[in-house]
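Visitor: Handing you this structure, nothing more for now.
Any read-out appearing in this document is the output of simple, stated calculations on the displayed coordinates, not a laboratory observation. Remember, it's a predicted structure, so these values are computed and weren't measured experimentally. Cβ: placed from backbone, ideal geometry, glycine included. Neighbour counts: every protein chain shown.
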Amino acid sequence: MTSKLQVTLPKALAEQYNVRPGDEIEWSAAGDCMRVCAGQTPRRSGIPARLKVFDEATARQRARQAPVGHRASEKEQDRGWTREELYDRGRTDRH
């Protein structure tokens, strides 16, 4: 166990249970012990599948980092008015 609470799976066990980098494993309590099971999630293999996952993650990150004014949802974009326009509606002191 590392200082970051990461565990290294011995190569012999990884080969025996067909666990590869990127696979998910499941941890569960078993009395006074912990049980580790190979996950049942399907693997994404091949370069095209990996590139698709990478591109999707990159797009999500760019959306999170976009300036606040550029993150308007579709609902806000389709409403026909902006938040700034609300501040001037009905004001008589502006010309």
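Visitor: Share of Cα-Cα pairs in the range 9-66 beyond 14 Å, in percent?
Guide: Details: 1147 of 1653 pairs.
In whole percent, the long-distance tail amounts to 69.
Visitor: Further question: Would you mind ranking K11, K52 by Cβ crowding within 10 Å, fewest neighbours first? Mind dumping the intermediate values first?
Guide: Numbers: K11 9, K52 12.
Taking fewest neighbouring Cβ atoms as first place, the list is K11, K52.
Visitor: A follow-up question, please. Starting with the fewest neighbours, write out T8, T92 ranked by other beta-carbon atoms found within 10 Å of each beta-carbon. Mind showing how you got there, number by number?
Guide: Values: T8 8, T92 5.
Least to most surrounded, the residues fall as T92, T8.
Visitor: Okay, moving on. So how do M34, M1 line up by other beta-carbon neighbours within 10 Å, fewest first? Mind showing how you got there, number by number?
Guide: On the way: M34 10, M1 7.
Ranking M34, M1 by Cβ neighbours within 10 Å, fewest first, gives M1, M34.
Visitor: Once you put a point 7 Å from the Cα of L51 and another 7 Å from the Cα of A66, both along the Cβ direction, what distance in nm separates them?
Guide: Label at L51, label at A66, 2.4 nm between them.
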